[in-house]
Amino acid sequence: EYQRLEDCEEDSPPGDDEEELLLHVTEGPTGVHGRTLETGVWHGGVHLTLTSSLTTPYIYHFHQRNGFACVVLSDVLELVQFLFVVTFSTFLLCCVDYDVLFATRPLNQSHVPEHTKVTLPDAVLPAPQCARRIRGSGWLLFLLVLAGMVWLCRLVTALRRLVGYWEIRSFYIRALGIPADELCNHSWQSVQARLLALQRRQPLCVPRRELTELDIHHRILRFRNYTVALVNKSLLPVRFHLPLLGPVVFLTRGLQFNLELLLFRGPAALFQNTWSLRPQVKQVGTRRALAQGLARAAVLLGVANLALCPCVLGWRLLLAFFSYAEGLKRAPGSLGARRWSLYARHYLRHFNELGHELQARLSRGHAPATKYMDSFSSPLLAVLARHVGFFAGSVLAVLIVLTVYDEDVLTVQHILTAITLLGLVVTVARSFIPDEHSVWCPEQLLQRVLAHVHYLPEHWQGRAGRAETRAEMAQLFQYKAVFILEELLSPLVTPLILIFAFPPRALDIVDFFRNFTVEVAGVGDICSFAQLDVRHHGNPQWLSEGHTEAPPECQAEHGKTELSLMRFALSNPRWRPPPPARRFLGHLQAQVTRDAATAPPPRALLAEGPLAASLLSEDSALAPEGLVASVLVASGLMARDPRFGQPCSTASATASLLASLRTPTGTPTGSAPPGQARGAPDSPGEHPSPEERPALSESRLRSLSRSALLAEVASAEMSLHAIYLHQV
């Protein structure tokens, strides 16, 4: 059932119009013209009361977009880019004489010699003739009017955003004490600490005396946490089983936009504003009526997408051509590079994980994931690729030699096309030929991927070398060519999903929002999974047995609650978890200590780091890579040959390294009493010595700033926790 969580220190419920507003300067003796702070003085003319732009998401996005100047430049250039694509496409369609350009028709000029070269101005039609062509095409005029309307809407939206960001700029300068030219020197953790300090120094327009790091993340990621939970519970229609193709995952930016419009932002959305659900969603008796309305809205939205499909598809084709054609010519193999799919960014995302944190984590996992996928090869395709590459390379070599001998060969019709296509064939063929120096170790490579992405299906353990595992991994880590193809197909497939696949799940989605929504005073309605409440959403298989009361339908899948809690506690060391979370973290630390007692000492494990780094890592300087490599060596070589040390499991080796880690203040990570805040980026303290932190070398410590050191240590510790929790 829907439940409301009140702040224990507040007697009055939150106001309807003030929950989403974080900042409000109350009028005191100085009114709104000035208020003396520890960081300076708020000068006259700054009015920060009850403006919807001064919300935590705007403050975060302003920081991530690097300040007001970058925001203005980006928005202006996006508008110019839209105009350029429309204008240039119209010019190519109506203002170029392709018969003259391709020399299929001679120039209509009697005084021009027969063999005179054709220049670009000769192929451009005069302006009156070009205008007549445009006016004579009714469908082109319709498209231009539609494009103009879209551009005006984007212009109005950009202007509204700029007004809000200007207020945010003033807030950064005068309230947080961060000048515009120094914003790039401040991490988000630093900005967040200043926000919390400002809230403690003076009254703010929120119905709570104190905000926490978790409250700020709830405001920023309110809708994103719902989406992550929906993907975790497999409620969104993004997984399908198609004939001949088998299991397929389809989630594109277009489909995501339509789903967010249905659930959060549209006129028929379940949210009535940016911070609260519609009252009907919280009532059990209206669930079927709401589900019917949501299904009807999905069908109507799908029909609208179907009607606009030709326009959207044409726009996507133009953008894809202008964006990728030059890069494909310059580097044909770029389409064979891999990237994390949009579905992977939801499946692998922790609750309350900010966008830049997710991007950093997936970027660290990109290299090991690429190495894992490249370790697979098809012998049949390899034999075929070698011979196709030989044939295409031979013809290409002859053409290149001829052009070097006599450049007039380039004037032969389609010779450049043949050279380009043959080069593309050779590049594609080489991608199917395995590296003869590669070592086949899929289990270790997959563990290295797990250390960074933190989530992998349980049935992959012990099956890393299977083709089925690689196919499922390809759904998360797809080719760039597949990504482009999915985005081009999105205008065709998205309407079908909205019309046929979404309505049957409408009732389950409505029930999800009612059953897994809590109202927190001063924050609004949030997803209950984002509370990181192990007691209500923990899974006994992930060391939360005895700490959770959740039935199976309320448990987060794949240990997302436990891993999200661990990551948030490591990333926000001053956050005080609630009692159930503290008890779980204490239980986990006790389990780590017990398992560490059965493993070799950390120095013995780290002594094998160079060997593991040479086998698995491309950059042994990174602390997480060195730790993971040491774990894999300890659990692999020591288990097979006693000369390397006493045998131990992966869990024991991981626990030994976890127990050896220290916080920057010198205390063990989990040894602080439950609820006691650990070291934070702004807290004083000395850097640990190399003996206290064996995972990092002395030179590495000297090269890192304090914030970078904390981020790297937290990343290494979370990597080890991910491996440990998956093992136990």
task: Taking G522 as the residue in question, decide whether it is surrounded by fewer than 20 Cβ atoms within 10 Å (Cβ to Cβ) and at positive phi.
output: no
task: Quickly run through the range 66-87 and pick out the residues that are open to solvent by 30 Å² or more (accessible area, probe 1.4 Å), more than 25 Å from the chain's Cα centre (by Cα) and in contact (Cβ under 8 Å) with a residue 12 or more places away in the chain.
output: L83, V86
task: Filter the range 262-271 down to residues that are part of a helix (DSSP H, G or I) and more than 13 Å from F502 (Cα to Cα) and give me whichever is most open to solvent (accessible area, probe 1.4 Å).
output: R265
task: Looking at (1) at pLDDT 90 or above; (2) surrounded by 15 or more Cβ atoms within 10 Å (Cβ to Cβ); (3) assigned to a helix (DSSP H, G or I), find the lone condition where T157 falls short.
output: (2)
- prompt: Going by the structure shown, is A590 surrounded by fewer than 17 Cβ atoms within 10 Å (Cβ to Cβ), small (G, A, S) and over 29 Å from A193 (Cα atoms)?
  reply: yes
- line: So, first residue in the same structural domain as A506 (by the TED database) in the range 234-260, second residue open to solvent by 10 Å² or more (accessible area, probe 1.4 Å) and among the polar types (S, T, N, Q), Cβ within less than 7 Å, six or more apart or across chains; the pairs are V249/Q475; N258/N305
- request: Scan the range 560-588 residue by residue and report those that are farther than 19 Å from V228 by Cβ and of a type outside the set (D, E, K, R).
  value: P573, W575, P577, P578, P579, P580, F584, L585, G586, H587, L588
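Go through S375, S363 for me and flag whichever is assigned by the TED database to the domain that holds V453, under 31 Å from the mean Cα position of the chain (by Cα) and exposed (fewer than 13 other Cβ atoms within 10 Å of the Cβ).
Just one listed residue meets the conditions, S363.
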field: Among the residues listed as A197, A193, the single one being closer than 30 Å to L563 by Cβ, free of Cβ contacts under 8 Å to residues at least 60 places away in the same chain and either assigned by the TED database to the domain that holds V71 or not small (G, A, S) (or both)
entry: A197
query: Looking at the range 48-65, is at least one residue at pLDDT below 95, open to solvent by 70 Å² or more (accessible area, probe 1.4 Å), assigned to a helix (DSSP H, G or I) and not hydroxyl-bearing (S, T, Y)?
result: yes
message: Being polar (S, T, N, Q), at pLDDT below 95, open to solvent by less than 20 Å² (accessible area, probe 1.4 Å) and more than 14 Å from L236 (Cβ to Cβ) is the requirement here; does T517 meet it?
response: yes
field: Filtered residues of the range 88-105 (kept if exposed (fewer than 14 other Cβ atoms within 10 Å of the Cβ) and aliphatic (A, V, I, L, M))
entry: L92, L93, A103
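Please report, ordered by residue number, the strands (runs of 3 or more DSSP E) entirely within the range 428-545 with at least 2 residues that are under 25 Å from the mean Cα position of the chain (by Cα).
So the answer is 477-479, 524-527.
Quick grid of which residues meet (1) in contact with a helix residue (DSSP H, G or I) (Cβ under 7 Å, 6 or more places away or on another chain); (2) open to solvent by 50 Å² or more (accessible area, probe 1.4 Å); (3) more than 30 Å from L342 (Cα to Cα):
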| residue | (1), (2), (3) |
| --- | --- |
| L410 | yes, yes, yes |
| L422 | yes, no, yes |
| I433 | yes, yes, no |
| P442 | yes, no, no |
| L456 | yes, no, no |
| Q461 | no, yes, no |
| A467 | no, yes, no |
| A471 | no, yes, no |
| I484 | yes, no, no |
field: Scope the range 122-149; condition under 26 Å from L313 (Cβ atoms), touching a residue at least 12 places away in the same chain (Cβ under 8 Å) and of a type in the set (A, V, I, L, M); matching residues
entry: I134, L140, L143, L144, L146, A147
query: Tell me, which residue of the range 234-292 that is at pLDDT below 90 and on the phi > 0 side of the Ramachandran plot is farthest from the chain's Cα centre (by Cα)?
result: L244
message: If I ask for residues that are exposed (fewer than 14 other Cβ atoms within 10 Å of the Cβ) and part of a helix (DSSP H, G or I), which ones from the range 272-296 would you list?
response: P279, V284, G285, R288, A289, R296
- prompt: Does L306 satisfy the condition of being surrounded by fewer than 16 Cβ atoms within 10 Å (Cβ to Cβ), of a type in the set (A, V, I, L, M) and within 30 Å of L83 (Cα to Cα)?
  reply: no
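Of the residues A369, A385, only one is part of a helix (DSSP H, G or I), among the hydrophobic types (A, V, I, L, M, F, W, C) and closer than 30 Å to A714 by Cβ; which?
Checking each option against the conditions leaves just A369.
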- prompt: Within the range 329-357, which residues are free of Cβ contacts under 8 Å to residues at least 12 places away in the same chain and surrounded by 15 or more Cβ atoms within 10 Å (Cβ to Cβ)?
  reply: none
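The values are calculated or read from the model by the stated rules, or taken from the named source; none is laboratory data. Remember, it's a predicted structure, so these values are computed and weren't measured experimentally. Because the Cβ atoms are built from the backbone with ideal geometry, glycine has one as well, and the counts that use them run over all protein chains shown. Surface areas here come from the heavy atoms of the whole protein model, side chains and all, with no ligands, DNA or RNA. Shrake-Rupley method; radii C 1.70, N 1.55, O 1.52, S 1.80 Å.
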